Protein chains: 2
Amino acid sequence: MVKMKITAEERNAQIVRVAMKLFSQKGFKGTTTREIAQKAGISEATIFKHFAKKDALYSAIIDKQCNDRKGESLLMKKLEGKEGKEVFKEIATFLIQTHQEDPTFLKLLMFSALEGHKLSDIFIRTRGMETLDYLAKHISKLISQGSFKKVNAPIAARAFLGMIIHYSMLQEIYGLKRFFKVPVKKVVDIFVDIFFEGMEARHA
Amino acid sequence: MVKMKITAEERNAQIVRVAMKLFSQKGFKGTTTREIAQKAGISEATIFKHFAKKDALYSAIIDKQCNDRKGESLLMKKLEGKEGKEVFKEIATFLIQTHQEDPTFLKLLMFSALEGHKLSDIFIRTRGMETLDYLAKHISKLISQGSFKKVNAPIAARAFLGMIIHYSMLQEIYGLKRFFKVPVKKVVDIFVDIFFEGMEARHA
DNA sequence: TCCTGTGGTGAGTAAGTGCTTACTATACAT
DNA sequence: ATGTATAGTAAGCACTTACTCACCACAGGA
């Protein structure tokens, strides 16, 4: 009996961490409170001391994900001073690399949408759309500057992000990375090249 | 007591139909055999007369999906005689429209990948990759004809398909169709335009 | 007429599931 | 040292899950 007593806050955070990992691997329904307890090295009852229902755990995760914008600010820092193709390359590389290193977020978002939880909506709208919104604005700017041709910016943003996210999904979730091994740089270069040239205003 | 007796084959198909719908809505784990039985208007025991385990039901669905190529041949028929941008427009329209009318397949594929079932691999490789393979070959042809510039064809195919599938996913699964209502034609035109112009060989 | 094969079920069962309760162990201010 | 709030748990409750089995209805050949 050398079970450590830690503060409620710490235990809280720990449970959320463990649960997040498991939910992203097996979904909400596929994860049992028993397994969360076991992986966290505590008893099941302790979980329910900290979270009234299994559902509350899920809410806490989404809440955390919605308020945690480390990734976003990291990307913004990388974008500073960049322009032209470099902006798009940076975004694409960042996303693909992030998903590659840790697909937790990607899977969590997919499970959340598929399982259709109450709070999944807000999760999707805040975290799923942030890059999309940024991109749409950036594209709008390039259009008004005359370097991009006049197309619906939100749709164009979805085109670009679609290439990237779908690529990551096939690689990480559908398991294609076992067969399709290409350096990130190469993929990014091709994606950005296609998109950029497809968007560039031609001076006929 | 007017329960109809139908042939085993028919009952079999009916159960698979009901199960497929439910699996696509709530996933394998999220669907109970009770609910399948109820929605099929039979007893739970009957399901197990026809399928040894719940798992066998899942396998039957994937098997059916892998052998059912109605969609593919329908698309191929639409592509006959088309060339240039029209080929891409036809593919994009077909996919987006199909997903819009009935997202069952799309959801089934996503759940299958996320839940990581044994047979999901073959499902993904046969049904998830078919259009991708076709596209890659078509792009290869256009490159060797000199109308597309020289880029890695499989990656380019993933770029194009990524735009489309990701668009469908956001609309149908992430629920964006509630906020983002744009005619299919408009979206397709933009996607194809970006991709096509991005791929075209420039004669400087 | 009886028999037999086929399609179908009511009533279970064992193994989980989320969640609760009655209780113990420990840190720490007094 | 002692009281108290806090962190934690063993055991188990009520319910659901996939799955089973003994049995029934009935069409059709003998």
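Per residue of B:188-198, other chain Cβ atoms within 10 Å of the residue Cβ number 6 on average.
Placing a label point 7 Å from Cα along the Cα-to-Cβ direction at residue A:70 gives distances to the equivalent points in the other copies of 4.9 nm, listed shortest first.
Among the helices of chain A, those built from whole DSSP H runs whose Cα atoms reach 15 Å or more along their own axis and whose mean Kyte-Doolittle hydropathy is at least 0.5 are A:104-115, A:153-168, A:184-199.
Interface between chains A and B: roughly 4200 Å² of accessible area buried, both sides summed (probe 1.4 Å, protein heavy atoms only). Counting, for every residue in A:110-122, the Cβ atoms of other protein chains within 10 Å of its Cβ and taking the mean gives 4. Between residue A:86 and residue B:33, what FRET efficiency comes out of the Förster formula 1/(1 + (r/R0)^6) with R0 = 60 Å and r the beta carbon distance, rounded to 0.05? After rounding to 0.05, the efficiency reads 0.65. Ranked from shortest, the separations from the 7 Å Cα-to-Cβ label point of residue B:100 to its equivalents in the other copies are 3.5 nm. Each Lys and Arg contributes +1 and each Asp and Glu -1, all at the Cβ; summed about the Cα centre of the range B:70-199, the dipole is approximately 100 debye. Listed by chain and number, the lysines whose C-alpha is less than 25 Å from the C-alpha of residue B:82, apart from same-chain residues fewer than 8 away, are B:70, B:137, B:141, B:149, B:150, B:185, B:186.
Computed from point charges on the beta carbon alone (+1 for Lys and Arg, -1 for Asp and Glu), the dipole magnitude for the range B:8-52 about its Cα centre is near 180 Debye.
If you plug the beta carbon distance of residue B:141 and residue A:77 into 1/(1 + (r/R0)^6) with R0 = 45 Å, you get a FRET efficiency near 0.55. Counting, for every residue in A:172-180, the Cβ atoms of other protein chains within 10 Å of its Cβ and taking the mean gives 4.
For the range A:11-159, the equivalent ellipsoid derived from the Cα gyration tensor has semi-axes of 37, 15, 12 Å, listed largest first. Measuring from each Cβ of chain A to the axis carrying A onto B, the nearest residue and its distance in whole Å come out as A:198, 2. Can you list, shortest first and in nm, the gaps between the label point of residue A:122 and those of its counterparts in the other copies, using a point 7 Å from Cα in the C-beta direction? In ascending order, 4.4 nm. Would you mind calculating the relative contact order of chain B from Cα pairs under 8 angstrom and at least 6 residues apart, reporting the percent as a whole number? It rounds to 21 percent for chain B. Helical content of chain A, expressed as a calculated mean residue ellipticity at 222 nm, amounts to -22000 deg cm²/dmol (DSSP H runs of 4 or more residues, -39,500 (n - 2.57) each, divided by residue number, nearest 500).
Note on the protein assembly as shown: dipole from Cβ charges, positive end direction compared against A:57, A:123, B:65; the farthest Cα belongs to A:57. Classify the protein assembly as shown from the C-alpha gyration tensor, please: rounded if a/c falls under 1.5, else prolate or oblate depending on whether a/b exceeds b/c. Verdict is oblate for the protein assembly as shown.
The values are calculated or read from the model by the stated rules, or taken from the named source; none is laboratory data. All values derive from a computational prediction rather than experimental measurement. Every residue, glycine among them, receives a Cβ derived from its backbone with ideal geometry; neighbour counts consider all protein chains shown. Protein only, heavy atoms only, side chains kept; ligands, DNA and RNA dropped before computing areas. Shrake-Rupley method; radii C 1.70, N 1.55, O 1.52, S 1.80 Å.
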